[in-house]
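The values are calculated or read from the model by the stated rules, or taken from the named source; none is laboratory data. What you see is a predicted model; the values in this text were computed from it and never measured. Neighbour counts are summed over all protein chains in view; Cβ atoms, including those assigned to glycine, are modelled from backbone coordinates with ideal geometry.
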Amino acid sequence: MATQLYLNLPVKDLNKSVEFFTALGFSFNPDFTDENATCMIVNDNAFVMLLVENFFETFTSKSIADAGSGTEAIMAFSVDSREAVDETVRKALAAGGTPSQEVQDYGFMYNHSFQDPDGHLWEVMWMDPAGPPAEASAP
């Protein structure tokens, strides 16, 4: 079973990406940071490697998807409250991100989304610790 998750994303401007995600409250591991890449810490077991596009290309024989016109993935992370969802998206937009989807409110789950400066899609979500409501019994 995997013990850690590393997501690798290509970016056009590493400094701009670091500034953007710093504005959202993320930090970076300086041991895995240079002019080609940085390791954004999500939590103790999840990390996002932001790789300058030409460096990212050294890890794959496939072309890099244009996140501005297509979707290669949607990254989602949870926060502690509905208010934190809204605040995180507000910070993302203020830091240069762009809107993605409208708020989705399912009662027990609440999420909103944004695009980072490279067009990657991010969802911010909160889920009631009690989980979804119990299904009504069939008569």
Verdict on residue 130 being surrounded by fewer than 12 Cβ atoms within 10 Å (Cβ to Cβ), over 29 Å from residue 1 (Cβ atoms), out of contact with any Pro (no Cβ under 7 Å at 6 or more places or on another chain) and of a type in the set (A, V, I, L, M): no
Take the conditions farther than 23 Å from residue 25 by Cα, of a type outside the set (A, V, I, L, M, F, W, C) and at pLDDT 95 or above and apply them to residue 86. Does it pass? no
Out of the range 85-99, which residues are more than 24 Å from residue 65 (Cβ to Cβ) and either surrounded by fewer than 16 Cβ atoms within 10 Å (Cβ to Cβ) or free of Cβ contacts under 8 Å to residues at least 24 places away in the same chain (or both)? 87, 90, 94
Output for Cβ contacts, cut-off 7 Å, separation at least six or different chains, first residue closer than 19 Å to residue 94 by Cβ in the range 19-46, second of a type in the set (D, E, K, R) and surrounded by 13 or more Cβ atoms within 10 Å (Cβ to Cβ), reads 20/116; 23/91; 24/91
Cβ-Cβ under 6 Å pairs, at least 6 apart or on other chains, the range 1-12 side of a type in the set (Ser, Thr, Tyr), far side not in a loop (DSSP other than H, G, I, E, B): 6/47; 6/49
Number of the condition not met by residue 80 [criteria: (1) assigned to a loop (DSSP other than H, G, I, E, B); (2) outside the structural domain of residue 99 (by TED's automatic domain parsing)]: (2)
When both residues are 6+ apart or on different chains and their Cβ atoms are under 7 Å apart, which pairs have a first residue that lies in the range 100-120 and is among the β-branched types (Val, Ile, Thr), and a second that is crowded, with 19+ Cβ neighbours inside 10 Å and assigned to a strand (DSSP E or B)? 103/112
